[in-house]
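Below is one structure, written out as structure tokens; the observations come after it.
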Amino acid sequence: MTVIFLSATHGGGGEFDIFSNIFDSQGVVLAVLITLILMSVVCWLVIFYKSVWFRTNRSASEKFLASYWNMENPNHLYEDTRANPMSAEARIFVGAIKELGRISARQDGVVRTGFENIERAVGRQVNAEVMRLERLLPILATTGSAAPFIGLFGTVWGIMRAFGGLAEMGDEANLLTTVTPHIAEALVATAIGLLAAIPAVMAYNLFVQKVRRTATDIDGFGSDCLNTIRRLYFAE
């Protein structure tokens, strides 16, 4: 019978050992538990990576913005930044100045028209940066929504197998002593599913808030960058 086996008992009563039941599980229930554990591990890796990434990106943004607001010549900041733009704002700025350079080259070094091209370049880069912010978040969302149902499937399967074994035992079977322990052990799958889903949902909601705030800041910087270029290089 493919169910999670009864855990060892100690003393006069039985102690439920979740780790023992994970190791003793078989068949479909084992596959469900392995899937949930892998999903949980991947989620924690994503949580750690995104936490470090957001912290690093914020530090790089603060450093670049300090240089940007104190710059005397955009070309000097561009030369210092273009080789390794570490923040979203730096990449937007570099993209805008590159497009400005292409426009200037086509007009013999004197910028007269083409500001709309810079607007499109900045818009594309802003969208790319928002997509970069959202990267890997679908993994957390998928785990948060799917893991409980995967765990529930493992539990239902284990319970069906337990009752199937009870039917095979016939009249000699005792419901409380035969089926109840296996039902309790089958519920491990649901518990593991919840353990995988809860951190994923909490982290996802936290990161979504960070994405929204950062995306707003990026969009605002894009507008500021366009205003600076218009003021310095395009006559009204």
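The values are calculated or read from the model by the stated rules, or taken from the named source; none is laboratory data. Please read these numbers as outputs of a predicted model, since none were measured by experiment. Note: ideal-geometry Cβ built from the backbone for every residue, glycine included; neighbour counts use all protein chains shown.
Tabulated data for the structure shown
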{"item": "Restricting segment 85-144 to residues that are among the small types (Gly, Ala, Ser) and over 22 Å from ASN75 (Cα atoms), the residue that is surrounded by the most Cβ atoms within 10 Å (Cβ to Cβ)", "result": "GLY144"}
{"item": "Scan of segment 66-76 for residues that are of a type in the set (A, V, I, L, M) and either modelled with pLDDT of 90 or more or within 32 Å of the chain's Cα centre (by Cα) (or both), ordered by number", "result": "ALA66"}
{"item": "Segment 187-205 residues that are free of Cβ contacts under 8 Å to residues at least 60 places away in the same chain, paired with ones that are of a type in the set (Gly, Ala, Ser) and outside any helix (DSSP H, G or I) (beta carbon under 6 Å, 6 or more apart)", "result": "none"}
{"item": "Residue within segment 59-69 that is in contact (Cβ under 8 Å) with a residue 40 or more places away in the chain, in contact with a Gly (Cβ under 8 Å, 6 or more places away or on another chain) and closer than 20 Å to LEU232 by Cα present", "result": "no"}
{"item": "Some residue of segment 160-175 being among the basic types (Lys, Arg) and at pLDDT 90 or above", "result": "no"}
{"item": "Complete set of residues in segment 194-236 that are surrounded by 21 or more Cβ atoms within 10 Å (Cβ to Cβ) and under 18 Å from the mean Cα position of the chain (by Cα)", "result": "ALA196, ALA197, ALA200, ALA203, TYR204, PHE207"}
{"item": "Search result, residues across segment 199-211 that are over 8 Å from GLY144 (Cβ atoms) and among the β-branched types (Val, Ile, Thr)", "result": "VAL208, VAL211"}
{"item": "Count of segment 82-110 residues which are in a helix (DSSP H, G or I), modelled with pLDDT of 90 or more and among the polar types (S, T, N, Q)", "result": "0"}
{"item": "Residues of segment 116-145 that turn out to be touching a residue at least 60 places away in the same chain (Cβ under 8 Å) and either under 25 Å from SER61 (Cα atoms) or small (Gly, Ala, Ser) (or both), as a count", "result": "14"}
